[in-house]
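All remarks here apply to the structure that follows.
No value in this document is a laboratory result; all are computed from the given coordinates. None of the values given here were measured: they were computed from a predicted structure. Cβ: placed from backbone, ideal geometry, glycine included. Neighbour counts: every protein chain shown.
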Amino acid sequence: MPIRPEPAPELAKLPIALACMALAIALAGCATSPTTSDAADATAPPPVLRDLANGLPGDYLTPERAEQPSRLHLRVSTDQSAPDPTTLRLIMTQRQLDQPDQPPRRFQWQLQTDPDNSGGLKGHFAPLDETGEVRRHCDLTVSVRRDGISSHTSPTQCHFGSGEQQTGLLKEIAFDGSQLVIGDRLKQLPSGEPVGEDQILRFMRQAGFSGWAGVRDGQTWRSASTFTLQTGAGHITPTDVADMDLGFDVGITHYEMSRDNRIKLRMTVTDTETGEIIGESWADADAEAVGLALPDLQIGLERIQ
């Protein structure tokens with residue numbers, strides 16, 4: 001489905017279901033601010049940019065997929081070189097997890113208030129070179145809604161090459177509070193015919209979980225000390241108060257289902273010595289808790305707010 005309202009862009013099949021998020025009221029412009037002086041207004045960022053500045057930065061991962069074991073890590077950080085409070089400048093650093101020695105790809109995503117559209121935003125997207133400099137950028141049309149934000153380039157304005165080799169780029173970036181979706185489509189100019197296949201990447205924000213666990217030991221239970229772990233960060237081995245492991249490892253990750261492309265939380269428990277799967281549990285991507293109860297093992301994870 002589209003990531004922004006009709007009229008839909010060419011990337012209409014972009015698979016994102018924008019959920020209501022904590023930024024909704026501010027993004028919708030429904031919140032009212034106390035009256036301030038003109039001087040204060042000049043130095044304070046608009047509410048929509050302030051909330052995006054708080055909500056966007058962080059670490060994201062593409063979900064696990066059975067047919068695509070390689071995963072991407074995306075770090076979004078705030079660039080403090082923005083010229084004024086009406087501009088939010090973000091740096092997006094993308095790495096392939098199974099190729100740590102490869103240089104990352106870095107981009108600038110800039111959002112700023114649009115003086116020609118009251119309450120609206122405009123922006124630009126720019127690849128960064130190895131020195132972190134912008135060589136050229138493409139303007140973005142930005143849509144702000146109750147359920148998130150999306151932005152896209154125009155292939156006729158964002159293009160490269162010349163003559164019959166001229167190619168336009170339709171790039172879309174959408175954010176719903178917990179995931180970033182980045183879509184690319186290349187178009188031959190001036191015909192508008194697609195070039196190659198669309199590339200659509202879904203990045204889920206890494207989430208932290210606090211856990212408890214216990215294993216049966218004869219007629220009693222051995223309890224693990226409280227532990228924490230992050231989605232997509234591998235397995236950990238819970239230990240008891242004597243720092244002895246309980247014989248199992250636990251991990252949690254976002255997983256994209258092949259049958260319908262829905263993203264779920266998947267908790268996996270494996271034997272520490274053999275690596276064999278003891279059990280697993282599934283939950284919605286935004287679930288606050290997930291657990292597993294077996295005759296000789298119990299474990300529960302709760303999302304850290």
Using all Cα-Cα distances in the stretch 208-303, what percent lands in each 10 angstrom bin from 0 up to the longest?
16, 50, 27, 6, 1
Kirkwood hydrodynamic radius of the chain, from inverse mean 1/r over distinct Cα pairs, in Å
21.8
Most mobile of 284, 184, 260 per a Gaussian network model of the chain (Cα springs, under 10 Å)?
260
Diffing the stretch 115-120: the Karplus 3J(HN,Hα) column from phi (6.51, -1.76, 1.60, θ = phi - 60°), in whole Hz with x for Gly and Pro, holds x, 8, 9, 4, x, x
Percent RCO, i.e. relative contact order, over the stretch 95-211, from Cα pairs under 8 Å lying at least 6 residues apart:
13
Whole-Hz ³J(HN,Hα) from phi, Karplus 6.51 cos²θ - 1.76 cosθ + 1.60, for the stretch 143-155, glycine and proline x
10, 10, 9, 5, 9, x, 9, 9, 8, 8, 8, 9, x
Let me check I've understood the local charge: for residue 81, count other residues with C-beta under 15 angstrom from its C-beta, Lys and Arg +1, Asp and Glu -1. What total comes out?
-1
Mind running the shape call on the stretch 24-205? Use the C-alpha gyration tensor, a ≥ b ≥ c as the square roots of the eigenvalues: rounded below 1.5 for a/c, prolate if a/b tops b/c, oblate otherwise.
prolate
Residue 207 long-range amide H proximity, modeled H, under 5 Å
231
By how many nm would the segment from residue 79 to residue 102 grow when fully extended, if each residue of separation counts as 0.36 nm and the alpha-carbon distance is taken off?
6.0 nm
